[in-house]
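Beneath this line is the structure, given in structure tokens, with notes to follow.
Derivation of every value follows stated rules applied to the coordinates shown; laboratory data play no part. This one's a predicted model, so the numbers in the text were calculated from it and none came from an experiment. Note that each Cβ is placed from the backbone with ideal geometry, even for glycine, and that neighbours are counted across all protein chains shown.
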Amino acid sequence: MRVNKWGVGVILAAAVLLTGCSAGGSDKPADSKPESGASQEAEAPATDCPELKVDATVDGKALSACISDAMSDTAGYAAKTDVMGIESTAKFNPSEKALESTSPAGSLIAIGDDVWVKSATSEWQAADPKSSDPVIAALSAAAADISSLDPTTAAEAMTGEFTVTGTGERLGEEVYLLSGTIEQQGTAVDVVFEVTADYVNLAMTSTATVEGQSVEIGMEITEWDAKQDIVAPI
């Protein structure tokens, strides 16, 4: 099972390409809080979204649709990703299908159907999947695939069950920690989503073993519902 979210997917794909890894979570999830006398339940939404409460088991497919809807209804957001100690940052304006991703190895900007990329040693250029520079080619291929996804319909089906294992806090909001296992390219990946009561996914960590090596990726939204400054570089 894959989670293909426009924007968040770009961060993960770029990080994977730039580090040569194929799956994985390195940021620690928000500290779990023990259940107390205070209610741990989120107010049940008016839709078919699953109710979030500690120890509940929720359906991944329903969860995916709710996260997709919630994360498409935003002016913009910024995020960071850590892949085995290598950090990248990204900015998104979903209504414009605009994104900017920056890492130590290279960067990309996509605005609608236009994509520009640069390696750590090159200038900005139009995306070219056939470039002789392997970083330029990899970034170009990733952007071509992911930036075409519509943020309102981008979430592919998440199947299986997720368990609400506790709560934490991100950006001043309470989040529910949803743990489960997904499959990416035939590899089992243990994931933890940190989701608010209204289904905004503010962080995700994932861990997998690839060719005998433990691979970890962490994604964290650092600014939510604020339009980002993304402009064409050339």
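See the values below:
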item	result
Distance cut-off 13 Å, percentage of C-alpha pairs in region 178-233 lying past it	68
All-pairs alpha carbon distance profile, region 60-113, 5 Å steps from 0, percent	5, 17, 21, 18, 19, 15, 5, 0
Spacing of the two label points (7 Å from each Cα toward its C-beta) at Gln213 and Glu169, in nm	3.8
Relative packing of 99-109, 132-142, which averages over residues the other C-beta atoms within 10 Å, highest first	99-109, 132-142
